[in-house]
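Engineer: Before anything else, here's the structure in question.
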Amino acid sequence: MAKARTKPRNVKSRSRTQSTARRRPTPASKLKARPPQEFAVSHHREEDFQANGLRNYARYRDLGLSRATHGMVQAHVIRLMPPCRPEEVSKLHYHDIEFQMIYVLKGWIKTELEGQGTHVMRPGSAWLQPPKIKHKVLDYSDDAEVLEIILPADFETVELT
């Protein structure tokens, strides 16, 4: 006579759907209603690079996405001004954001990110900075330019000592 198999004690069994189910994103129709996005276009013009951003050593070219998305997204080209002065740029900080992606357009930038070490980013390099990751710029080339996309458009930057 064959013995029936028994489950080991203290082991909870889960159904296949419980153990392998993945969370599906909320359909757009169920998300909080936002104002409709507007068309936006930004063509390169040197006069659009302004010293009205977060850092004194950078010039910012707003791409118009904050206005077009009613504050959902900020996108700008950042031109880092030569010469790089580490005493000014190498301040540890983080941004209270939901999303931040940087893409190098020209030159290079050397940055240090908490738990990720030091990286030299060159044209074509892209990186995601998770929310509140501590980081600092260590150095950059005289021709450094990056594209930065951030959600939401208005956010707080916290400088650390």
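Engineer: Between residue 47 and residue 98, take the C-beta separation as r, use R0 = 25 Å, and let me know the FRET efficiency to the nearest 0.05. Mind showing how you got there, number by number?
Structural biologist: On the way: r = 31 Å, r/R0 = 1.25.
Efficiency, from the Cβ-Cβ distance: 0.20.
Engineer: I want to check the label-to-label distance for residue 55 and residue 156. Put each point 7 Å from Cα in the C-beta direction and report it in nm to one decimal.
Structural biologist: Reported label-point gap for residue 55 and residue 156 is 2.2 nm.
Engineer: Which order, highest average first, do 58-66, 127-135, 85-93 follow once you tally other Cβ atoms within 10 Å for each residue and take the mean per peptide?
Structural biologist: On the way: 58-66: 19.3, 127-135: 14.6, 85-93: 12.6.
Taking the mean over residues of other Cβ atoms within 10 Å, the ranking is 58-66, 127-135, 85-93.
Engineer: Put a dot 7 Å past each Cα toward the Cβ at residue 114 and residue 128; how far apart are the dots in nm?
Structural biologist: Between residue 128 and residue 114, the label points sit 1.8 nm apart.
Engineer: Same structure, new question: Using a Förster distance of 35 Å, how high is the FRET efficiency between residue 87 and residue 39, based on the Cβ-Cβ distance and rounded to 0.05? Show your work: numbers first, answer last.
Structural biologist: Values: r = 43 Å, r/R0 = 1.23.
Taking R0 as 35 Å, the efficiency between residue 87 and residue 39 is 0.25.
Engineer: Once you keep just the Cα pairs under 8 angstrom separated by 6 or more residues, what percentage relative contact order results for segment 48-159?
Structural biologist: Details: 283 pairs, mean separation 38.1, N = 112.
Dividing the mean separation by the residue count of segment 48-159 yields 34 percent.
Engineer: By per-residue mean of other Cβ atoms within 10 Å, what is the highest-first order of 32-42, 109-119?
Structural biologist: On the way: 32-42: 9.3, 109-119: 14.5.
Put in order of decreasing packing, that is 109-119, 32-42.
Engineer: In this model, which of 106/134; 32/91; 32/106; 106/132 are farther than 31 Å apart at the alpha-carbon? Intermediate values should be presented prior to the final figure.
Structural biologist: Details: 106/134 24 Å; 32/91 37 Å; 32/106 38 Å; 106/132 26 Å.
Exceeds cut-off: 32/91; 32/106.
Engineer: According to a simple spin-label model (label point 7 Å from Cα along Cα-to-Cβ), what is the distance in nm between residue 143 and residue 67?
Structural biologist: Each label point lies 7 Å from its Cα, and together they span 3.1 nm.
Engineer: For segment 48-159, what mean projected area does the convex hull of the alpha carbons give, in nm²? Don't skip to the end; give the middle numbers.
Structural biologist: Numbers: hull surface 25.1 nm².
Computed as one quarter of the Cα hull surface, the answer is 6.3 nm².
Each reported figure results from applying straightforward, stated rules to the coordinates on display, with no laboratory input. Since we're looking at a predicted model, the values are computed, not measured. Every residue, glycine among them, receives a Cβ derived from its backbone with ideal geometry; neighbour counts consider all protein chains shown.
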